[in-house]
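A quick write-up on the structure given underneath.
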Amino acid sequence: MSNKTSNQMWGGRFAAGPDAIMEAINASIGFDKRLAAQDIVGSRAHAAMLAATGIVSDSDAEAMREGLLTVLSEIERGEFAFSTALEDIHMNVEARLKELIGEPAGRLHTGRSRNDQVATDFKLWVRDQLDATEGALRSLMRALLAQAEAGADWVMPGFTHLQTAQPVTWGHHMMAYVEMFGRDLSRVRDARARMNECPLGAAALAGTSFPIDREMTARELGFDRPSANSLDAVSDRDFALEFLSAASICAMHLSRFAEELVIWSSAQFRFVTLSDRFSTGSSIMPQKKNPDAAELIRAKIGRIFGANVALMTVMKGLPLTYSKDMQEDKEQVFDAADNLMLALAAMDGMVRDMSANREALAAAAGSGFSTATDLADWLVRVLGLPFREAHHVTGTLVALAEKQGCDLPDLTLEQMQEVHNGIDRTIFDVLGVENSVASRTSYGGTAPVQVRAQIARWKEMLG
């Protein structure tokens, strides 16, 4: 193959050779421009600190701070010309600041490095995202609480192995997801508290000889304290990994719920009806109403979990402190955050819009010998049978009902007494699904009284 042909195959944007390749691989402005607001907030805090410590003059600091607001305004209005040649958001902002205010702009970088600057910007962005995630989770949990409250005593089948197990209530099932998303909320809050240390002032890796006040910049930026080790401060991305880890678990919860909604909305189940706003029709089958929003939520776990694995892989082999590998830390986090927020919003909308089919839920609750465990418990409690014997008697009665094509409550007392002569008419009190769920009064159980207590507890906690 000739060199000419080889160069043509290399082709396109890299035809100019190594300089173009290096610019393309080195530049991050294509994605880190999303950090513009955080970068400018951090720089304004840094400028104020430089003036307060006498490192720069008050007039220079004021010019920097006002000029940075102008830059932010230009970016927000879409009037800012981002340059790949300037590599990243930090250099783009500083270059524009110099055009606006001249020589004082060159003093802004005193006592800091791009290493601590980007760590600070990224932390601020992730912190904002954790706050947004908390808000979205709280909204979804309130939507679930409303569903739970409406159907606190609606009976439905509870499943193990996707097989009918015991009757539960709709409210109890909704509250299971409140608990799951409550743990996500706890993880988000926990991650935010742990990451709230300010890297600014760590400089390139060793700190600085300028008499900076790191407590001041930390306080100004809403951090609890400055980070205690400059080496760790510039090389730490645990905060991003924790966000991705929490996002992955939350997306998994969303996916599990989405799977249930796909099953429940099918013609075979008819447990719920999803609104037209979160469903689509088929291109050729007019009877179809597809739960596309739920299916897409179910798929989001793939890319969110993938982002977590990707950043873990980037970080796993890096020696202290900063390496250019860490430029690959942002795109995965941005993508995961966008998709998590979209999935949370879509699930929130589906939960608020969906309607449960109480009749279908109740019919399914009484099928599949769902009160068999209640029967066994009655044999133990009333007749004093050892549980293993009660289990055997119940199994025999289930087989009898199955053979006759009926459910347990449809067997006659005489038929039951043929299996065990101690059974009396009070057995029928526990074979109804309503009685079954009402009896499960242990803490955390499905009895409506317990469900309503949990609803009240969560309402109080969410405020």
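Observations on the model:
- Seen against the Cα atoms of the chain and their longest principal axis, helix 330-353 is set at about 40 degrees.
- If you look at the Cα atoms of region 192-317, you get an Rg and a Dmax of 23.1, 73 Å.
- Heavy-atom accessible area, probed at 1.4 angstrom with all protein chains present, ranks Met91, Met195, Met312 as Met312, Met91, Met195, highest first.
- Counting protein heavy atoms only, region 87-153 has 44 percent of its accessible area on carbon and sulfur, 1.4 angstrom probe.
- Where Rh is the Kirkwood radius over Cα pairs, Rg/Rh for the chain: 1.15
- Percent of alpha-carbon pairs separated by more than 20 Å within region 311-419: 66
- Put a dot 7 Å past the Cα of Thr110, heading toward its Cβ, do the same for Thr84, and the two dots end up 3.6 nm apart.
- At 1.567 mPa s and 4 °C, Stokes D of region 81-142 from Kirkwood alpha-carbon radius, µm² per second: 92
- Entry comment: accessible area of the chain is 47 Å² per residue, from protein heavy atoms only and a probe of 1.4 Å.
- Once C-alpha pairs closer than 8 Å and six or more residues apart are averaged by separation and normalised to the residue number of the chain, the relative contact order reads 16 percent.
- Cα-based radius of gyration for region 44-162, normalised by 2.2 N^0.38 Å, reads 1.76.
- Estimated Rh, region 114-363: Kirkwood, alpha-carbon pairs, angstrom: 20.2
- Under the criterion of Cα pairs below 8 Å and six or more residues apart, the relative contact order for region 367-462 equals 24 percent.
- Relative to one another, the C-alpha centroids of region 311-341 and region 350-402 are positioned 50 Å apart.
- For the Cα trace of region 367-462, dividing Rg by the Kirkwood Rh returns an Rg/Rh value of 1.09.
- Pairwise Cα separations in region 29-95 fall into 10 Å bins from 0 onward with the following percentages, short to long: 22, 49, 24, 4.
- On Cα atoms only, tilt of 448-462 relative to the major axis of the chain in degrees: 10
- Taking Cα atoms only, the orientation of helix 36-52 departs from the longest principal axis of the chain by about 50 degrees.
- Per residue, the average separation of C-alpha pairs within less than 8 Å and at least 6 apart gives region 114-363 a relative contact order of 24 percent.
- All lysines inside 25 Å of Lys316 as judged from Cα atoms, apart from same-chain residues fewer than 8 positions distant: Lys123, Lys300, Lys324, Lys330
- With the convex hull of its Cα atoms as the shape, region 308-373 has an orientation-averaged projected area of 9.0 nm².
- Ordering His392, His161, His90, His173 by accessible surface, largest first, gives His161, His392, His173, His90; the 1.4 Å probe counts only protein heavy atoms, with every chain in place.
The values are calculated or read from the model by the stated rules, or taken from the named source; none is laboratory data. Predicted, not measured: the structure shown is a model, and the values here were computed from it. With ideal geometry, Cβ positions are generated from the backbone for all residues, glycine too; neighbour counts draw on all protein chains shown. Accessible surface areas use protein heavy atoms only, side chains included; no ligands, DNA or RNA. Shrake-Rupley method; radii C 1.70, N 1.55, O 1.52, S 1.80 Å.
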